[in-house]
Structure formats: C-alpha cells, structure tokens
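Colleague: Just dropping this structure here.
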Amino acid sequence: MRTLPLLAAVTALVLVTAGCTSSPDPTGAPDDDATVTVGLVLEPTDLDIRRTAGIALDQVLIDNVYQGLVGRTQDNEIVDVLASSHEVSDDGLTYTFTLAEGVTFHDGAALTAEDVVWSLQQVADDDSLANHGDLAAVDAVTAPDESTVVITLSRPDSALLFSLTGRAGLVLEQQADNDLSTTANGTGPFTLEGWTQGDNLRLSRNDDYWGTPAAVGGVVFRYIPDPSARINASLSGDIDVQTAVDATLRSQLDGVDGLTVSEGRTTDKYTLAFNNAVEPFTDPRVRKAIRLAVDNDALIAATGGSAVDQGGPIPELDPGYRDLTDVDAYDPDAARALLEESGQGDLDLTLEYANVYPAAIGDVLTTQLKAVGITLTVEQVDFSTWLSDVFVAPSDGSPRDFQLSMVNHAETHDFGNWADPDYYFGYDSPAVQGLYAESLAATDPADADEALAEAAAIVADDAPAEWLYTTTTLTAIRDGITGFPTSSTTTRLDLSSLAATE
Amino acid sequence: MIRFTAGRLVLFAVGLLVASALIFATLRLLPGDVAQVIAGTTGSPAQVAALRAELGLDRPFLAQYLDWVGGLLRLDLGRSLVTGTPVADEIADKLAVTLPLAGLSLAVGLVVGVPLGVLAALRRRRPLGTAASIGGQILAAVPAVWAGMLLIALFAVTLGWLPTQGFPLDGWSDPAAALRALVLPAVTIGLVEGAVLLRFTRSAALGALDADYVRAAAAKGMTRDRALVRHGLPNVMLSVVSVLGIQAAGLVVGAVLVEQLFSLPGVGRMLVADVGRRDLTKVQGELMTLTAIVLAVGFVVDVVHRAVDPRARERGE
C-alpha cells in the first residue's frame, strides 16, 4: 500500500511528460557538432580570471578560452601556445618570445605584441591581481617589434616559465572592455557561451580559431557537488564525462557497458599540516610521532584506494620529486616512544578541515592516532570558515589559532609554500628557504631540480606536516568520446583535442 | 473583513521587518568574509583589504543594514558581492525552477494526502484504512533525501524513465523536458508533505464523521460515506487549507534539500552556495524573498480561510 501512491504519482507524471527524448543508436561517425557534457565538482566563485582565486576557474577557462604565451600539458611539460617559440638567455635574465601568426581574440581583434606586453605588465604592476607575486622578478616587458616580446628579469627565476603557463601569463586584449566577472574574451579554441551560476558553464567552438579548430561544437560543464548524483548522471547518460569520480563509489561504474574509468596522475596533495608555530608542534618529536602514527596505506584503502603514498612535500609530477616514503614511515611503537620521550604521553589535539573533503579521512586519523595515545577531535567546517580559522594570519601578528588542518593542496609547483615562513604551516627553516632561493636562481633546470630535491628532503625530515597521499584521479568517459585529458584534471582541462562520435 | 485584512497586512509588514533584522544580524555571525573567499589562498592581506574596502565591508554594520533596508523599501535587493549582478535578477532566474517545484510538490502532496486521508478515516479499523494510516506514518518518518535517493535508484537509474538529476540547459523553452526534470524532486517533497497532510486529513475527517450534521444526513438515509463526502468534506478542506500555510515553510525547506540532491538550479541550491561564498547581499536577498513568500502564503491562507468560513466571519470583530 505504501508504495502504491508513490508508484501512482510517478507513473502519472511520467505519462504526462513522456515522449520526445529518444536518442538514435550510435553510428560511430565523428560528430563535429556534438555537445559534450562534462560533470565537474567545484564551481568557480566568479569568472574574473584576474581577481578571483581558485583552481575551479583555471580548470575550465585556461587553455580552452584564455591562453598564454606558453601552456602546459597534463603531465606538466611546458609547451608553446601563443608564442611560436621562446628562448632563454644563458644568464637566465632575458626571455624572448616569438608570437604565433594570425592569432585573433574572440571579439575578432588581432593579437598584437602590445596586448601581450600590457597583459603581463598589468599583473606585474598591480598587487591586487591574482598571481601578482609570480612576476616579482620581472624588470621589464617590451615589444621590440610586432612579433616579438621580451621579458627582462632583475634576477634569474627558474619558476618563471612555468608561472607563465598559469594566470600570470594569460594574454587579454588591451582594448576590450568586457566584464570579466561574467564574460570572457580570449584567444582559445572555445568561446564562453554562458554561465548559469549554480548549475552549468557552457563553451562553444571558436570557428575562427587561429589554430586547429575544436572537433566538437561545444562543451557543457555541469556542476554536480554530490558524488552519488554524479555517479547516477554517468549511469543514466546525462553526462558524457565525469572527472574526479569518488573512489569509494568507483565500483558502481566499473564494468558498466559504454563507460570506461581511467586513472590519471595529479598533484593533489592531501596534506595534514601542523601549526608549527605553536605548542606542542614546536617539539619535533611530537611532529615526527604523528607522522609515524599515520598508516598511509590503510588511509588510502579507507578512502577508496585511488591514491599513492607521498612521503614528502613534492609529488611525482613536480620538479624535485624523490621517493621519500621511507622517512618516518608507519611505526606506531616508535611513535609512542617519541611521545613518551617528549613528555606528551596523553595529547588532546583538534583537527579542523573543510567539509569539501571526505569525513572518512578524519575518522581514520582519529583511530590511528588513538592507537598511539593521541585523542583527536575532528571539526569539519565550510571553506570560508576554514579560511578565517586556519589560513588567514591574525592581523596583530600573533600565531594562528589552530592545531592540525587537512587540505588538498592541488596546485602544482607549489613547493614555495614550505619556504614561506608566513604561510599557514608556520614552518620557518632558513636552510629550506636558502635552497629554494637557490633553485629559483638556477639557470639550468637540472640544478633547480637538485636544489628542490635537497630542500624537500630537509622538509620531510623536519616533519612540519604529514603528507597523507597524492590522489590518483578517476575519469569516467562514455564510449565514443576521445581526447579528454585524464591527468591533472583538477587544475586544467585542455579540451582542444576533444572529439565525439554520433 | 477589511479591518481583518488590514490587520494581517500590518502583521505581514512587521514580520518582514523583524526578519530583515534577524537575517542581517545572524549572517554577520558567520566566520570569514567574501573578500577572503575571492582572494582565496593565493591573495595577499593587502589584496583582501582592498577588496573589503571596494565592497564596502569595512563600513559600520548599522550603516550597511540601513542601506540594505532602504534598498528593500524600493524593492532593490542590491548586487551580488561576487559577480556584481543584480540579486533580484538572479533570484527571479532561480524561482523559475523553485516555484514550479513547490507547486508540483504541493499538488503531489494534496493528491496523495487528501484522498488517502479521507479513505483512512472512512475505512478505519479495516485493512485498507489501517494500511493507509500506517503508510502515512512511515512516509512521514522517511527523510526526504533518502526517499529521493530511492526514487532516483528506481525510476531514473534502473527504469530510466526520468533524468537522475539536473534541469534542461535552456530552462522552460522545452516545457515537457523541464517538467520531466521536476517529477522526481516533486514526488520526493510531495510524498513527505502528503504524509503529513494524510494524517491531518484523517483526523479532520474522523472529527467530521462524528459531527452532528453527518449523523443527521445519515439519519435522513444517506450512507455514512456519502454523508461525509457531501457535507463533511467542505469542513475537512477548510482545515486542510489552514494547515497549508504551515506546509509552505516545509516546502521551502524541502526545496533546499531536494535541489541539492537533484542538482536543480533553484533558490535553495543557490542559497547553500552563496552562504559558502559568503555573498551576504545575495543570501540576505534570498532569505528575504523566501520569508516574504512564506509570510504571503500565510497571509493569503488567513484571508481565504476567513472568507470561506462563515463562522470565522461572524465571530470576528
């Protein structure tokens, strides 16, 4: 009886609204006008690429709508984009870019060297713009002729080229006066068709693209925060691609006809950070004890098994990576002994992290730390609260008021945070800062890599945090969709080679 | 009647004013602010301070409140602190999903609740009636989110009759597609609401069965069922109408949950996202709009109830 009204109500409404949605069988022929629907997790706050922080914005707009002189592949290799070639002088102070020919903005205007100079200069000069700090070493940006742009540095900066693949290097049109918050005028293979805040963002093929035009008519990004809703959307065919599949729900998609789940590498570093500036974390024995107490493999298994142990501050895709998983590897007996020795046999600690991350992490950590005598209280808060509780430094200069925090530091090439004593880690190591400066000043990438690796080893040994794992990201793709990136999808989704069959 | 309506209007206005103060004050208790959210983890303190000044967040609370209420009086809800778009436009956009959803949910609730409630009363102490009441009790206890997940699993994933989530990109330009997207969400809310209505209708109908006029009609030769339907139902419906005002608030709460579950671009989902972003101007606008709708429904129900119930008219001043 209790299912009767349910059945009756649904059936009635289905009958009323039935019809009109049957898709023809796939023919396998390429469909140039296909619209590919992609399910994503986090929506950008706003579209202003110059002012609004957050990788959710980079993810959809960079490469597809906005482009820079150089870009990066999904494996973090630097490639030329708006520059047809680039050259770095031996002293590492002069970067010369030759511009690609025939580049136009979406409003039809041709790209000029002045646009490039203006774009870079703006970010370098205005400290209220996003990623202003990336161009700190830039002394001057000039255009000696119509197809050449020269960046002169005041000191070598081995990170500059990579920074230029991000926000700091994007080229916008100087003359355009569109509202960056809701519209976009870039040079990329897709134009921004529209953004329905709270639901979707739509791109269409830029038919006047200066390079090879996209092989699909458009892309719809649907923002579906709920993991099971995303799974259902994939199962029912409402979306063609789903990035960042919740690993614990993967089994629902495995073996489903017409769907393939691919694994890809990321720089998503789930980091359990200690507030190194306050007691009891000023005692290295306490920090090491927590690192020893965490069983990364068990944690990875509990969160779906789609991750790799990280061991140190640098993930595999970034320069300076070495396998540091042996440093303070899981050893609860050693952890208890260290806590005993430090006189902190019975610790009460609080972990505060944003509710966008799985609750399972807090649960597992509570159990694991309990085993060595640490009582962990977990507080999950919304992201804005986390920002003010943990991330932002008190204006009176006192140390931040938190003990443990957990964040997915998804950005790539972000080792600099460990060399910044003002960052929320509160980690201040002159040796690490010196090595990091050395890596930036290096003119040979191999030297930079070596300096970073050395610095990373010191950080791992100092134990200012426990690196829980690097995510292996899962992408569920409907058969017939090709060219969809499967690595580093949290930070970038270059869809220029996306294609679909009918 | 005019005095009564005027009195209710004053109550409506006072309610809105009190709500505006409560909404404004409560939101200031939230930690964090929109400037920090915009600047994110890469912005410098200087950038945050500049944004704060630009958005007027550094002004005294009272000045901010008076500005906002002043705007409300001119029906101006202000602009989003994040995107700068007019709040009223955004809300109007999302109401195009939430209002039909609420209407459809109410319809489902009425269709499920009222006939089954009457049935439960007429066939009480018999299997059919008992089953209806027990079913109602169970449904009323089921969390909407869980009911929704079961419905999705059955009708969208297994049977594939309806979309699992989402709303057509072009909105209502294809009404059939839009309606299909609202069926499962509306049934989810409507079943829970309907269960409440069922219990309410049942007790109202039981009351009517014992009433003198039903007994009188039965004495004149009508069957009890016919007597209830002919003479009892108008009285039962009166009670149902008066409880609908309270149910309106339930619909709003249901919409917030169900829009999340079904990824519908409605006011509820926007509200949750805007609280997360600390876009307080928008949150205030959204809460005021929802409050106004609930209060307005209550106002209309009060007036209608009085207009159709002769007893209330006579008793009144």
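Read the figures in this text as sums done on the coordinates, not as results from a lab. The structure presented is a predicted model; accordingly, all values stated were derived computationally and were not measured. As a convention, Cβ positions derive from the backbone with ideal geometry for all residues, glycine included, and neighbour counts pool all protein chains shown.
Colleague: List the trypsin sites (Lys or Arg not before Pro) within region B:104-200 that fall in a DSSP loop (any state other than H, G, I, E or B) and whose Cβ has at most 12 other Cβ atoms within 10 Å.
Modeller: Sites meeting the loop and neighbour criteria: B:125.
Colleague: Treating the beta-carbon of each Lys and Arg as +1 and of each Asp and Glu as -1, no other charges, what is the dipole magnitude of chain A about its Cα centre, to the nearest 20 debye?
Modeller: On the way: 23 positive and 82 negative charges, 328 e Å.
Value, rounded to 20: 1580 debye.
Colleague: State the extension gain, in nm to one decimal, for the chain segment bounded by residue A:139 and residue A:251, taking 0.36 nm per residue of separation less the distance between their alpha-carbons.
Modeller: Details: separation 112, 0.36 × 112 = 40.32 nm, distance 5.33 nm.
Between residue A:139 and residue A:251, full extension yields 35.0 nm more.
Colleague: Using a Gaussian network model on chain B with a 10 Å cutoff between Cα atoms, which of B:163, B:234, B:31 fluctuates the most?
Modeller: B:31
Colleague: Let me ask you something else. Using a Gaussian network for chain B with springs between C-alpha atoms less than 10 Å apart, which of these wobbles most: B:268, B:190, B:129?
Modeller: The residue that fluctuates most here is B:129.
Colleague: Can you pull the mean other chain C-beta count within 10 Å for peptide B:141-152?
Modeller: 1
Colleague: Taking the Cα centre of region B:6-131 as the origin, how large is its charge dipole in debye, to the nearest 20, when only Lys and Arg (+1) and Asp and Glu (-1) carry charge on their Cβ atoms?
Modeller: Dipole size: approximately 1040 debye.
Colleague: Quick one: what are the phi-derived ³J(HN,Hα) couplings along region A:463-471, Karplus 6.51/-1.76/1.60 with θ = phi - 60°, whole Hz, x for glycine and proline?
Modeller: Karplus values, whole Hz, x for Gly and Pro: 6, x, 6, 10, 7, 5, 5, 9, 5.
Colleague: May I pose another question? Starting from the amide H of residue A:40, placed 1.01 Å from N in the peptide plane, find each other amide H under 5 Å away whose residue is 5 or more places distant or on another chain.
Modeller: Amide H neighbours of residue A:40, under 5 Å, 5+ apart: A:222, A:223, A:224.
Colleague: What does the average come to when, for each residue of peptide B:30-38, you count the partner chain Cβ atoms lying within 10 Å of its Cβ?
Modeller: Numbers: counts 4, 8, 11, 4, 2, 0, 7, 9, 8.
So the per-residue partner count for this stretch is 6.
Colleague: So, one more: Subtracting the Cα-Cα distance from 0.36 nm times the residue separation, let me have the gained length for residue B:46 to residue B:58 in nm, one decimal.
Modeller: Values: separation 12, 0.36 × 12 = 4.32 nm, distance 1.38 nm.
Length difference between fully extended and current span is 2.9 nm.
Colleague: Using 7 Å Cα-to-Cβ label points, what is the residue B:141/residue A:109 separation (nm, one decimal)?
Modeller: Here the answer is 6.7 nm between the modelled labels.
Colleague: Mind running the shape call on chain A? Use the C-alpha gyration tensor, a ≥ b ≥ c as the square roots of the eigenvalues: rounded below 1.5 for a/c, prolate if a/b tops b/c, oblate otherwise.
Modeller: Oblate is the answer for chain A, as a/c is 1.5 or above yet b/c matches or exceeds a/b.
Colleague: Something else now. Counting other beta carbons within 10 Å of each residue's own, what order do A:94, A:45 fall into, fewest first?
Modeller: Taking fewest neighbouring Cβ atoms as first place, the list is A:94, A:45.
Colleague: Please give the helix B:61-73 orientation as an angle from the longest Cα principal axis of chain B, in degrees from 0 to 90, rounded to the nearest 10.
Modeller: Computed tilt is about 50 degrees.
Colleague: Which value in Å is the Kirkwood Rh of region B:30-173 over different Cα pairs?
Modeller: Numbers: mean 1/r = 0.0485 Å⁻¹.
Result for region B:30-173 stands at 20.6 Å.
Colleague: Hey, what number do you get for the protein assembly as shown at 222 nm if only DSSP H runs of n ≥ 4 count, each worth -39500 (n - 2.57), divided across all residues, to the nearest 500? Mind showing how you got there, number by number?
Modeller: Working: 26 runs with 361 residues, N = 819.
When only DSSP H runs of four or more count, the value is -14000 deg cm²/dmol.
Colleague: Is region B:91-177 rounded, prolate or oblate when judged by the Cα gyration tensor, a ≥ b ≥ c being the square roots of its eigenvalues, rounded requiring a/c under 1.5 and prolate requiring a/b larger than b/c?
Modeller: On the way: a/c = 2.77, a/b = 1.90, b/c = 1.45.
The shape class here is prolate.
Colleague: Projecting each Cα onto the charge dipole of region B:175-317 (Lys/Arg +1, Asp/Glu -1 at the beta carbon, about the Cα centre), which of B:209, B:276, B:293 comes out farthest on the positive side?
Modeller: Of the options given, the answer is B:209.
Colleague: Which one of B:97, A:128, A:357 is farthest out on the positive end of the charge dipole of the protein assembly as shown, using unit charges on Cβ (Lys, Arg +1; Asp, Glu -1) and the Cα centre as origin?
Modeller: B:97
Colleague: Give me log10 I(q)/I(0) at q = 0.26 Å⁻¹ for region B:43-91, Debye formula, one equal scatterer per alpha-carbon, no solvent.
Modeller: -1.02
Colleague: Checking the cross-link filter: which lysines have an alpha carbon closer than 21 Å to that of residue A:269, excluding same-chain neighbours under 8 positions apart?
Modeller: List returned: A:288.
Colleague: Can you find, among A:248, A:299, B:51, the residue farthest towards the positive end of the dipole of the protein assembly as shown? Put +1 on the C-beta of Lys and Arg, -1 on that of Asp and Glu.
Modeller: A:248
Colleague: Right, another one. If you rank A:353, B:65 by fewest surrounding Cβ atoms within 10 Å, what's the result?
Modeller: Ascending number of Cβ neighbours within 10 Å: B:65, A:353.
Colleague: Continuing with the same structure: Would you mind computing, in nm to one decimal, how far apart the modelled labels at residue B:309 and residue B:223 are, each placed 7 Å from Cα along Cα→Cβ?
Modeller: It works out to 3.1 nm between the two label points.
Colleague: Report the charge-dipole magnitude of region B:88-315 in Debye, nearest 20, computed about the Cα centre from +1 at each Lys and Arg Cβ and -1 at each Asp and Glu Cβ.
Modeller: For region B:88-315, the charge dipole is close to 1300 debye.
Colleague: Compute the distance in nm between two label points, each set 7 Å from the Cα along the Cα-to-Cβ direction, one at residue A:279 and one at residue A:212.
Modeller: Calculated label separation equals 6.4 nm.
Colleague: Straight-line reach from residue B:282: which aspartates and glutamates have a Cα under 12 Å away, not including same-chain ones fewer than 8 places off?
Modeller: B:76, B:89, B:90, B:274
Colleague: Using the alpha carbon gyration tensor of region A:137-228, what are the three equivalent-ellipsoid semi-axes (square root of 5 times each eigenvalue), largest first, in whole Å?
Modeller: 32, 18, 14
Colleague: What is the sum of charges, Lys and Arg at +1 and Asp and Glu at -1, for the other residues whose Cβ falls under 13 Å from the Cβ of residue B:177? Don't skip to the end; give the middle numbers.
Modeller: Details: positive: B:180; negative: A:238, B:170, B:174.
Taking every other residue near residue B:177 into account, the sum is -2.
Colleague: If you don't mind, another one. Classify chain B: rounded, prolate or oblate, from the alpha-carbon gyration tensor (a ≥ b ≥ c, eigenvalue square roots; a/c under 1.5 rounded; otherwise prolate if a/b is larger than b/c)?
Modeller: oblate
Colleague: For region A:346-502, count the residues as N, evaluate 2.2 N^0.38 Å, and divide the Cα radius of gyration by that value, please.
Modeller: 1.31
Colleague: Enumerate the calculated ³J(HN,Hα) couplings along region A:352-360 in order (Karplus 6.51 cos²θ - 1.76 cosθ + 1.60, θ = phi - 60°), each rounded to whole Hz, writing x wherever the residue is Gly or Pro.
Modeller: 10, 9, 6, 6, 7, 9, x, 5, 4
Colleague: I've got another one for you. Where both partners of a DSSP beta bridge lie in chain A, what percent of those bridges are antiparallel, to the nearest 5?
Modeller: DSSP beta bridges in chain A are roughly 75 percent antiparallel.
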